[in-house]
Amino acid sequence: MTVSDYNSCVDSFSDGIYRFVLKNLRDIDISHDIVQESFMKLWIKRKDVDAKKAKSYLFTTAYHTLIDHVRKNKRNTQLDNLENIPGETYNDYSDLKEILNEAVDKLPEIQRSVILLRDYEGYSYEEIGDITNLTESQVKVYIYRARVFLKKFIVSPEMVI
């Protein structure tokens with residue numbers, strides 16, 4: 001491939017490759033980077049690539065670069081998400097969160113208080129007892145009853161449908 005063939009490829013195929021990558025990533029800046037990287041790889045291999053097969057080479061290179069980017073960011077995003085979740089593990093399931101909030105609201109006041117202190121705030125049974133002026137065994141009983149109610153409420157047929 002000559003320099004003029006390469007310049008012709010840039011003029012002819014850059015928009016199509018950009019649209020292809022942008023539809024997949026939905027990120028303008030990263031799409032520009034991937035297109036540029038694809039053309040850079042073509043420039044490095046220009047002596048080995050036939051000008052007639054340049055379009056195929058560019059789309060294949062862009063696709064593989066796109067996949068590499070997605071895989072790399074998927075791993076990074078999963079690790080970042082694990083670090084950012086303070087105690088909730090179902091941030092993506094807003095319906096489940098709404099059902100759980102509804103169930104917690106239906107608990108008697110003391111059960112709601114102890115379950116929130118234990119499961120949401122992370123206090124120990126002893127600390128909850130000090131906060132609520134209950135014995136440790138009373139705290140355990142209230143938490144057990146609250147969890148049983150929450151389990152029944154969440155798996156009830158009305159909530160599943």
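The values are calculated or read from the model by the stated rules, or taken from the named source; none is laboratory data. None of the values given here were measured: they were computed from a predicted structure. Backbone-built Cβ (ideal geometry, glycine too); neighbour counts: all protein chains shown.
Points to keep in mind about this one:
- Residue check, Thr65 surrounded by 11 or more Cβ atoms within 10 Å (Cβ to Cβ), closer than 30 Å to Ser31 by Cβ and either among the small types (Gly, Ala, Ser) or modelled with pLDDT of 85 or more (or both): yes
- Filter result (assigned to a helix (DSSP H, G or I) and within 16 Å of Leu100 (Cβ to Cβ)) within segment 151-161: Lys151, Lys152, Phe153, Ile154, Glu158, Met159, Val160
- Within segment 151-161, the residues that satisfy the criterion of being without any contact (Cβ under 8 Å) to a residue 60 or more places away in the chain and among the hydrophobic types (A, V, I, L, M, F, W, C) are Phe153, Ile154, Val155, Val160, Ile161.
- Cβ pairs under 6 Å, 6+ apart, first in segment 42-68 and touching a residue at least 24 places away in the same chain (Cβ under 8 Å), second assigned to a loop (DSSP other than H, G, I, E, B) and surrounded by 18 or more Cβ atoms within 10 Å (Cβ to Cβ): Arg46/Met1; Val49/Met1; Ala51/Met1
Quick grid of which residues meet (1) aliphatic (A, V, I, L, M); (2) surrounded by fewer than 16 Cβ atoms within 10 Å (Cβ to Cβ); (3) without any contact (Cβ under 8 Å) to a residue 12 or more places away in the chain; (4) part of a helix (DSSP H, G or I):
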site	(1), (2), (3), (4)
Val104	yes, no, no, yes
Gln111	no, no, no, yes
Arg118	no, no, no, yes
Ile131	yes, yes, no, yes
Ile143	yes, no, no, yes
Ala146	yes, no, no, yes
Phe149	no, no, no, yes
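- Residue that is farthest from Ile67 (Cα to Cα) [pool: residues in segment 4-41 that are touching a residue at least 40 places away in the same chain (Cβ under 8 Å) and of a type in the set (A, V, I, L, M, F, W, C)]: Cys9
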